[in-house]
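As structure tokens, the structure follows; a few thoughts come after it.
The values are calculated or read from the model by the stated rules, or taken from the named source; none is laboratory data. A quick note: this is a predicted structure, and the numbers were derived from the prediction, not measured. Because the Cβ atoms are built from the backbone with ideal geometry, glycine has one as well, and the counts that use them run over all protein chains shown.
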Amino acid sequence: MGPNKFIQNVKEYLNLEDFEKKTKKKAVKSLLKKLRTKRKKIKNELKETKEKLKKKELNEELDIIALQIKKGKKILKDLLS
């Protein structure tokens, strides 16, 4: 997955309509920061939730975010080298 496709996928996932694409490195760094923020928010929600179904959904979302963060780190590493 290239940087442009990663940026587009994460923009869609986070529902970012007004996201300005700067350079690829800055865009990826910005999206990684937003993904980490969303991950923290979901982890807090997970601690507060007692419903099994809701916990399962939140865990699935955490897995998706973790995968996107991993891809983003790899892309950023490639862009920096």
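Just a few scattered comments:
- Test: Leu67 is assigned to a helix (DSSP H, G or I) and in contact (Cβ under 8 Å) with a residue 24 or more places away in the chain: no
- Pairs linking a residue in segment 30-52 that is in a helix (DSSP H, G or I) to a residue that is among the β-branched types (Val, Ile, Thr) and at pLDDT 90 or above, with Cβ atoms under 8 Å and 6 or more positions apart or on different chains, are Leu32/Ile69; Leu35/Ile65; Leu35/Ile69; Arg36/Ile69; Lys38/Ile65; Arg39/Ile65; Arg39/Ile69; Ile42/Ile65.
- Segment 23-81: number of residues that are touching a helix residue (DSSP H, G or I) at 6+ places or on another chain (Cβ under 8 Å) and small (Gly, Ala, Ser): 3
Conditions (1) surrounded by 12 or more Cβ atoms within 10 Å (Cβ to Cβ); (2) basic (Lys, Arg); (3) more than 10 Å from the chain's Cα centre (by Cα), marked per residue:
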{"site": "Leu35", "(1), (2), (3)": "yes, no, no"}
{"site": "Asn44", "(1), (2), (3)": "no, no, yes"}
{"site": "Lys47", "(1), (2), (3)": "no, yes, yes"}
{"site": "Leu53", "(1), (2), (3)": "no, no, yes"}
{"site": "Leu67", "(1), (2), (3)": "no, no, no"}
{"site": "Leu80", "(1), (2), (3)": "no, no, yes"}
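- Residue count for segment 12-28, restricted to those that are surrounded by 15 or more Cβ atoms within 10 Å (Cβ to Cβ) and within 18 Å of Ala66 (Cβ to Cβ): 3
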